[in-house]
1. If you scan segment 118-176, which residues turn out to be surrounded by fewer than 16 Cβ atoms within 10 Å (Cβ to Cβ), charged (D, E, K, R) and either closer than 19 Å to Gly57 by Cβ or under 17 Å from the mean Cα position of the chain (by Cα) (or both)?
2. Kindly indicate the residue of segment 94-147 that is in a loop (DSSP other than H, G, I, E, B) and among the aromatic types (Phe, Trp, Tyr) and also farthest from the ligand (Cβ to nearest atom) among those meeting that condition.
3. Against the condition assigned by TED's automatic domain parsing to the domain that holds Thr104 and either surrounded by 20 or more Cβ atoms within 10 Å (Cβ to Cβ) or touching a Leu at 6+ places or on another chain (Cβ under 8 Å) (or both), how does Ile179 come out, does it pass?
4. Does at least one position in segment 51-61 carry a residue that is open to solvent by 10 Å² or more (accessible area, probe 1.4 Å), touching a His at 6+ places or on another chain (Cβ under 6 Å) and within 16 Å of the ligand (Cβ to nearest atom)?
5. Take Gly228 and decide whether it is part of a loop (DSSP other than H, G, I, E, B) and within 23 Å of Phe76 (Cβ to Cβ).
Amino acid sequence: MGSYEYQIGVMVMVMAMAMLCLVGVVMSSQDGWDNAHATFYGGDHGEGTMQGACGYGDLFKQGYGLETTALSVSLFNDGKTCGACYELQCYDSPWCKPGTIKVTATNLCPANYTQKTGNWCNPPLKHFDLSVPMFTKIGVYKAGIIPVKYRRIPCVRSGGIKFEIQGNPWWMLVLVYNIAGDGDATDVKIKGSNTGWIQMTRNWGQKWQTWVQLNGQSLSFQVTTSDGKMVQSDDVAPKDWQFGQTFEGKQF
Ligand SMILES: *[C@@H]1O[C@H](CO)[C@@H](O)[C@H](O)[C@H]1NC(C)=O
């Protein structure tokens, strides 16, 4: 090979390496994937109708189904991330299956502070506890635990935001669920037809409370998610609403 051809060869190689580097940089900074681990709990039916730490009830009736996850303490953030959506991908393990899953946070994977090692849900660990059908889409069942990459994604929901009115005439508790977009309510306000906007406070999970009595008034809601976006739903409940009823508002 002549020296000219050699020089061309070196140039092509350097250019190819530069391009590979560029692709690497672009890929590693892409869309904020982070590292965590995933396990599974229970049988094939997920959390089903069990009420978890987010306060949701029947996950199938509420539209979440099996595509759910419990979050470790550090991801759960005192329930503030209830309703958030994540995409997970197994990586760097012989137990991985290709592809990704999309799940909604509906529960807490509790810490055990007397168990110093081996509890994957203790802070500061990032961990997803999945239903068996979700886990086995990205990992082999007998692996038990797999390393995953995860990222927040927009939630896709059918229909509007749902407001389930619980409590009693002196204390109103509203479960807010089926939120699209960021998925996690960070602020909820309520308005009766005879009142101004009333700030609700988080009781637990996605249950919001007020002691203002709104019986006999139609109800409006403002829901804000962690991205700062707000959706206002006017008069979602008529003035003869009852405790135990669920109403549907607008959607992000
Ligand atoms: C927490 O961990 C300790 C030590 O391993 C164990 O004895 C205990 O049963 C655990 N508690 C719960 C609630 O799992």
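The values are calculated or read from the model by the stated rules, or taken from the named source; none is laboratory data. Being a predicted model, the structure only gives us computed values, none of them experimental. Cβ sites come from the backbone with ideal geometry, for glycine too, and all protein chains shown count toward neighbours. What goes into the accessible areas is simple: the full protein's heavy atoms, side chains included, and nothing from ligands, DNA or RNA. Shrake-Rupley method; radii C 1.70, N 1.55, O 1.52, S 1.80 Å.
1. Answer for segment 118-176, where residues must be surrounded by fewer than 16 Cβ atoms within 10 Å (Cβ to Cβ), charged (D, E, K, R) and either closer than 19 Å to Gly57 by Cβ or under 17 Å from the mean Cα position of the chain (by Cα) (or both): Lys149, Arg151.
2. Taking the candidates together, the pick is Trp95.
3. No.
4. So far as segment 51-61 goes, no, none of its residues is open to solvent by 10 Å² or more (accessible area, probe 1.4 Å), touching a His at 6+ places or on another chain (Cβ under 6 Å) and within 16 Å of the ligand (Cβ to nearest atom).
5. Yes, satisfied.
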